[in-house]
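Remarks on the structure that follows.
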Amino acid sequence: MNAIPPPKWPLRLFKWFCKPAYHSDIEGDLVELYHRRVAELGRAKAGRRLYKDVLLLFRPGIIRPVRLAHLFNSNFMLRENLMIAFRHMAKQKGYAAIKIGGFAMGVAAFLLIALYIRDELSYDRQYPDLDRIYRVYIQYNLEDNVISGASQPPPLAAAIRDQFPEVASTARFNAWPDLDGPGANQFRPADQQQNTYEEGFVYADQSLLDIFQFPFLYGDPATALSQPNTIVLTEKKARQYFPDENPLGKTVVLNDRTDRPFKVTGVLADSGLKSHIRFDFYLSLAGHEFWPGEQQLWSVNFYDCYLKLKPNVDAVAFEKKLQHIVRDHFAAAAVERGQAKSIDAFAAVCHLRLQPVDEVYLKTASAGIRDNQKHGDIRLVWFLGIIAVFILLLAAVNFVNLSTARSANRAKEVGLRKTLGSGRGTLVSQFLSESVLYAVLAFILGGLAAGLLLPQFNRMTAKSMVLPWGEPWFIPALVAASLFIGLMAGVYPAFYLSGFRPMETLKGQLAKGAKGKGLQNALVVFQFTVSIVLIAATILVNRQVNFILHKDLGFNKDQVVLLQGVQTLGDKKYALRENLLQLSEVKYVSIGDFLPVEGSKRYGNMMKPESRKNTDQDVLVQRWRVDPDYIKAMGMQLVEGRDFNREMPSDSLATIVNQRLVEKMQLENPVGTYIANRDQKPVKIIGVVKDFHFESLKEEIAPLCLVLDDSYAETMSVRVAAEKVSAVLPALTKIWDRFLPNQPIRYTFLDERFAAAYDDLKRMERIITGFSMLAIALACLGLFALAAFMAQQRSKEMSIRKVLGASVPAIFRLLTQNFLGLILVALCLATPPAWYILSRWLDNYTYRVSVTADIFLLAGLAVFLIALLTISYQAIKAALVNPAEVMGGDG
């Protein structure tokens with residue numbers, strides 16, 4: 001069989017830069033390695049590896065010597081060209097400042113966005129055997145929707161490990177905030193009395209450490225979580241609680257459970273490696289059950305499950321085998337619980353999928369997989385990457401436009417040089433030298449500007465990025481980029497200027513022509529097209545943010561203080577509630593963890609009206625445990641029936657449902673109807689609450705029922721009278737300290753919790769706004785200089801028109817109408833793609849604003865006004881000049 005030929009482009013690139021003496025031997029090795037990879041990995045992956053290998057060979061010992069004489073004729077000519085370039089910079093300081101400053105702004109923005117993208121792409125890249133590690137998620141292909149989730153039942157990991165020999169290992173972790181308090185705990189060393197509120201708790205299998213091989217500072221990673229009641233801390237937390245000592249063997253207490261202390265068996269090193277698994281406290285799952293029999297249940301889902309395949313196992317083929325698990329366990333459990341008619345019917349819609357672990361952080365959101373972790377979004381990374389490229393292009397466009405705009409000023413210089421014997425190649429090398437010099441200076445200034453702006457950019461993006469000055473590739477990359485961009489940006493001006501004919505330029509005929517105007521106009525249109533798209537995006541994102549933050553949510557998120565950690569009080573929390581109600585500023589107090597903000601506790605059940613036996617009528621319902629004052633404390637509105645009554649014991653088997661449940665279950669007279677699932681007693685609907693949003697506005701409001709149970713709650717919601725929040729906080733603290741002297745009060749506000757759920761959206765708004773302003777600034781900077789040169793070139797024409805009676809407004813209109821016409825063209829070009837992109841982005845939100853024409857009209861108007869102000873100065877200056885000065889100067 002004939003060998004598959006390798007791709008041509010990487011080998012051509014290698015031949016171009018490699019020393020001839022090494023070329024044939026190294027190329028033979030590359031081709032041999034390519035053929036071996038084709039057999040092992042396939043043609044596509046082997047091709048990508050070949051590109052990577054060629055780029056990695058771009059090293060000083062292999063690169064052929066650069067013979068500058070080919071480009072600049074000689075070192076002497078290079079020095080002469082640079083001297084001429086510096087002379088022109090000194091002569092035209094304003095022009096040079098605009099040219100270098102604009103380029104530097106573009107470089108700084110590009111570097112900042114590149115840092116952000118590099119940081120986002122660095123997650124989950126450090127694990128050994130990375131290409132064999134996967135997260136298991138479940139997918140339901142329903143008629144009108146596809147639902148995917150990462151939460152799995154407790155026995156799944158063991159079932160996969162035991163049933164399939166292709167699996168080397170499986171692991172689980174559980175960060176669900178309802179189970180024994182992980183995620184919201186009072187924590188202290190056993191020999192201390194003062195509790196500290198901590199987050200970042202997770203229960204984990206020992207095999208999680210085996211698969212991911214997190215680096216350890218203390219302890220044995222092979223056994224750290226193998227025994228019950230053991231805990232692994234991060235280095236940061238170990239230093240906080242056990243400063244200047246090795247904490248191994250120490251014991252810690254959670255939630256004052258002195259009957260169940262945890263022994264510290266390991267400390268994870270703060271290596272700086274990025275992972276989507278980001279916790280501070282790892283509790284052992286060995287021998288642990290959250291309730292009796294929990295570990296054998298296939299009907300509950302709150303574990304993230306990972307697996308590591310053995311070498312050379314095809315993940316796609318293995319994924320198909322997981323359907324046996326679906327049939328044998330998931331479907332069988334659903335049929336037994338009365339939630340599916342048959343195993344075949346359930347298995348037809350339910351599938352277990354594998355997600356490569358290096359896609360969990362960036363691609364979970366775009367894949368629509370629900371989990372309880374914070375993620376990046378590959379779509380935002382791509383979008384910012386496109387913005388970075390366009391901003392750099394805008395800076396390069398400025399460079400080209402300003403260079404060609406000054407053609408008339410340098411036409412006579414070119415003519416004289418050609419008359420004195422300079423060839424076109426010599427002139428090209430001169431202009432390219434100038435271009436490279438400007439680019440190098442711009443990159444130096446841009447790098448410095450990026451360093452100065454980085455702290456602010458870190459605050460904007462909630463990151464801790466640093467410029468990698470110390471990494472060996474960074475400075476060479478900047479130098480190479482500046483040379484490359486300088487050459488690319490200077491190619492057209494160099495060949496354009498060097499192509500002038502000596503006789504025409506010496507007679508001054510070039511200034512009267514229109515040579516180069518077409519490209520100039522096209523580049524100006526490009527600049528303002530990009531600016532309009534970015535401004536339109538800024539307007540739309542701002543509208544969506546305001547819509548979310550000010551939408552009627554169906555509850556009142558303001559004036560609610562959330563006291564956390566009340567579970568340590570036990571039944572004394574009711575006495576705390578009564579003491580708080582004695583304060584005149586306090587209106588209601590509710591005990592419960594199920595809050596109508598994203599990231600709070602959730603619990604779902606399949607439910608249906610008790611009178612219906614058909615399992616096809618089951619509805620997935622959020623089942624929240626609340627107390628009798630919940631609806632009043634949250635400012636919700638009953639539309640039918642009544643509220644819970646603490647004086648009525650029968651309400652322990654009652655429920656209040658939302659309108660969405662009534663709609664999904666098709667209940668004509670909901671009050672008085674009993675609903676149930678297989679595991680709980682039927683509950684009677686006593687009221688219907690108006691629909692309220694409790695998840696992101698990306699999601700539809702789901703069916704929900706409220707039942708009475710505050711026994712395990714750790715949050716107390718205190719509704720305060722308007723404008724009394726700041727006044728009541730000292731009183732709340734005083735009462736809290738009386739009940740819990742060893743546990744500092746910790747409170748947040750419901751409206752802040754709501755707003756925090758949209759931090760990523762607000763961050764995106766700030767980033768887009770910032771770079772949109774930069775893009776318009778770059779466009780206007782170039783436009784300002786361009787208008788100045790156009791006014792200078794047409795100064796005689798304007799003087800003659802004034803002598804012949806033209807008014808100042810007429811001359812102003814003559815100088816500005818061309819630019820404003822170009823903005824109109826840019827608006828027409830920008831609207832269709834921007835409309836499509838913004839509409840697709842809004843598809844992520846069920847509740848959203850609309851893309852309307854006024855967004856683009858406002859963006860176009862903003863660009864129009866900014867551009868008008870930019871060129872008005874030059875236009876008015878040209879219109880007011882004395883004709884005698886211009887005409888006299890020609891004599």
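Below, the figures for the structure above:
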quantity: 0 to 90° range, to nearest 10: angle between helix 474-498 axis and the chain longest Cα axis; calculated: 40 degrees
quantity: Intensity falloff of region 736-819 expressed as log10 I(q)/I(0), Debye formula with alpha-carbon point scatterers, at q = 0.19 Å⁻¹; calculated: -0.93
quantity: Principal axes of region 248-334: Cα extent on each, largest first, Å; calculated: 46, 37, 18
quantity: Estimated translational D of region 180-289 in µm²/s (Stokes, Kirkwood radius over Cα pairs; 37 °C; 0.692 mPa s); calculated: 237 µm²/s
quantity: Per residue Cα convex hull volume in Å³ - calculated over the chain; calculated: 230 Å³
quantity: Which listed pairs, of 308/601; 250/573; 601/690; 237/698, have C-alpha distances above 24 Å, in listed order; calculated: 308/601; 250/573; 237/698
quantity: Zone of residue 475's modelled label, taken as backbone nitrogen in region 445-464 under 17 Å from a point 7 Å along Cα→Cβ; calculated: 445-449, 451
quantity: With Cα atoms, 0 to 90° folded angle of helix 75-91 axis to the chain main axis; calculated: 80 degrees
quantity: Net lengthening on full extension, residue 463/residue 145 (0.36 nm per residue, minus Cα-Cα); calculated: 111.0 nm
quantity: Label point at residue 578 placed 7 Å out along Cα→Cβ; residues across region 725-745 whose backbone nitrogen lies under 17 Å; calculated: 735-736, 738-740
quantity: Potential lengthening between residue 199 and residue 213 on full extension [0.36 nm per residue; Cα-Cα distance subtracted]; calculated: 2.8 nm
quantity: Modelled FRET efficiency - R0 25 Å, residue 372 with residue 551, Cβ distances, 0.05 increments; calculated: 0.55
quantity: Spin-label pair residue 752/residue 452, simplified geometry with 7 Å Cα→Cβ offset, distance in nm; calculated: 3.4 nm
quantity: Estimated FRET transfer efficiency (residue 317, residue 41; beta-carbon r; R0 22 Å; 0.05); calculated: 0.90
quantity: Extension gain, residue 727 back to residue 56 (0.36 nm per residue minus Cα-Cα distance, nm); calculated: 235.2 nm
quantity: Per-residue ³J(HN,Hα) for region 766-778, Karplus 6.51 cos²θ - 1.76 cosθ + 1.60, θ = phi - 60°, Hz, x for Gly and Pro; calculated: 5, 5, 5, 4, x, 6, 5, 4, 5, 4, 5, 5, 4
quantity: Convex hull of region 8-65 built on C-alpha atoms - directionally averaged projected area, nm²; calculated: 3.6 nm²
quantity: Label-point separation in nm, residue 379 to residue 291, each point 7 Å along Cα→Cβ; calculated: 3.7 nm
quantity: Vicinal HN-Hα couplings computed from phi for region 51-60 (Karplus, 6.51 cos²θ - 1.76 cosθ + 1.60; Hz; Gly/Pro x); calculated: 4, 4, 4, 5, 5, 5, 7, 6, 10, x
quantity: Neighbour net charge for residue 225 - beta-carbon separation under 13 angstrom, K R +1, D E -1; calculated: -1
quantity: Surface/4 estimate of mean projected area, convex hull on alpha-carbon atoms of region 560-754, nm²; calculated: 11.6 nm²
quantity: Trypsin sites (Lys or Arg not before Pro) restricted to region 264-344 and DSSP loop, no more than 16 other C-beta within 10 Å; calculated: 274, 278, 337, 341
quantity: Cβ-placed point charges (K, R +1; D, E -1), dipole of the chain about Cα centre in debye, nearest 20; calculated: 4740 debye
quantity: Principal axis dimensions, region 556-618 - Cα atoms, whole angstrom, descending; calculated: 51, 28, 22
quantity: Helix 378-405 axis, angle to the chain major axis (alpha carbon atoms, nearest 10°); calculated: 10 degrees
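All of the numbers you see were taken from the coordinates with simple rules; none came from a lab. Since this is a predicted model, take the numbers as computed values, not measurements. Here the Cβ is made from the backbone with ideal geometry for all residues, glycine too, and neighbour counts use every protein chain on show.
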